[in-house]
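In what follows, a single structure is set out as structure tokens and then discussed.
The values are calculated or read from the model by the stated rules, or taken from the named source; none is laboratory data. Being a predicted model, the structure only gives us computed values, none of them experimental. All Cβ positions, glycine included, derive from the backbone under ideal geometry; neighbour counts span all protein chains shown.
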Amino acid sequence: MRRLELKPGDTVLEIGCGTGRNLPLLCETVGDDGHVIGVDASSGMLARAQDWVTRQNRQNVRLLHQDAAELALSGQVDAALFSLSYSALPDRQPVLQRTWEALRPRGRLVIMDAGLPASPLGRLLGPVGEAIATIFPGDPYSRPWQDLTSLSQSVQSEWFQLGIYFICTIRKPATSQNMPPPAAGPIGA
């Protein structure tokens, strides 16, 4: 949450929100005046997230059932989060590009995920990681810190728990010639 640098009133997008495990923290951070948009391709997981939204009577959360590679928002967001979802995406580049386009200038994109460490330990764990990947979705060899350099050379990466978990963060520049103006209308429509 700290890496997102959210403030009350901000709008945050979570790609691969799943069952909504991050919704309470995101809602608490942006406050009642902020907005949380969760995107997931699984209707079953979104149904569980919607149960939480309904029980908590959260009017500032919008859940979208869509393929993130075809992300369609009506406005821009202050921050975007991939939490244990980036490595599970079948085609990451279009998702990354759509998410980047959805970010406002100076917005933050954070990827927190797990994979095999890029170290001798990772080579030792390779067969174990591949066996686990057959049970759980995800590419144990994804390297988001490399993917993010296509968007910005200022990638900050941190590794935890023997290098298996990592957080990668980038900030969108204040100005960008490639960005279309934000569309009017409610966010996430």
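When region 65-81 is examined, which residues are found to be part of a strand (DSSP E or B) and buried (at least 18 other Cβ atoms within 10 Å of the Cβ)?
Quick first cut of region 65-81, residues part of a strand (DSSP E or B) only: 65, 77-81.
Val77, Asp78, Ala79, Ala80, Leu81 - these are the residues of region 65-81 that are part of a strand (DSSP E or B) and buried (at least 18 other Cβ atoms within 10 Å of the Cβ).
Tell me which residues, restricted to region 93-104, are surrounded by 20 or more Cβ atoms within 10 Å (Cβ to Cβ) and either among the charged types (D, E, K, R) or part of a strand (DSSP E or B) (or both).
Kept after step one, since they are surrounded by 20 or more Cβ atoms within 10 Å (Cβ to Cβ), are these residues of region 93-104: 95-96, 99-100, 102-103.
Residue satisfying the conditions is Leu103 alone.
Select from region 19-41 the residues that are among the hydroxyl-bearing types (Ser, Thr, Tyr) and in contact with a strand residue (DSSP E or B) (Cβ under 8 Å, 6 or more places away or on another chain) and list them in ascending order. Let's see the steps before the verdict.
Filtering region 19-41 down to residues among the hydroxyl-bearing types (Ser, Thr, Tyr) leaves 19, 29.
Once the filter is applied, which keeps residues that are among the hydroxyl-bearing types (Ser, Thr, Tyr) and in contact with a strand residue (DSSP E or B) (Cβ under 8 Å, 6 or more places away or on another chain), region 19-41 yields only Thr29.
Can you give me the number of residues within region 22-47 that are touching a His at 6+ places or on another chain (Cβ under 9 Å) and within 16 Å of Val110 (Cβ to Cβ)? Can you show your working first?
Just the residues of region 22-47 that are touching a His at 6+ places or on another chain (Cβ under 9 Å), to begin with: 39-43, 46.
Keeping just the survivors that are within 16 Å of Val110 (Cβ to Cβ) gives 39.
Here the count works out to 1.
Inside region 125-146, can you point out the residues that are modelled with pLDDT of 75 or more and either in contact with a strand residue (DSSP E or B) (Cβ under 8 Å, 6 or more places away or on another chain) or assigned to a helix (DSSP H, G or I) (or both)?
The answer is Ser142, Pro144, Trp145, Gln146.
Go through region 1-20 and count every residue that is buried (at least 16 other Cβ atoms within 10 Å of the Cβ) and charged (D, E, K, R).
Going through region 1-20 one residue at a time, the tally reaches 4.
Just to check your reading of the model, which residue among Ser119, Ser74 is modelled with pLDDT under 95, of a type in the set (S, T, N, Q) and under 20 Å from Ile164 (Cα atoms)?
Numbers: Ser74 fails: under 20 Å from Ile164 (Cα atoms).
Among Ser119, Ser74, only Ser119 is modelled with pLDDT under 95, of a type in the set (S, T, N, Q) and under 20 Å from Ile164 (Cα atoms).
This table checks each residue for (1) in a strand (DSSP E or B); (2) modelled with pLDDT of 95 or more.
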| residue | (1), (2) |
| --- | --- |
| Cys17 | no, yes |
| Asp32 | no, yes |
| Ile37 | yes, yes |
| Asp51 | no, yes |
| Leu63 | yes, yes |
| Pro90 | no, no |
| Arg108 | yes, yes |
| Ile111 | yes, yes |
| Arg123 | no, no |
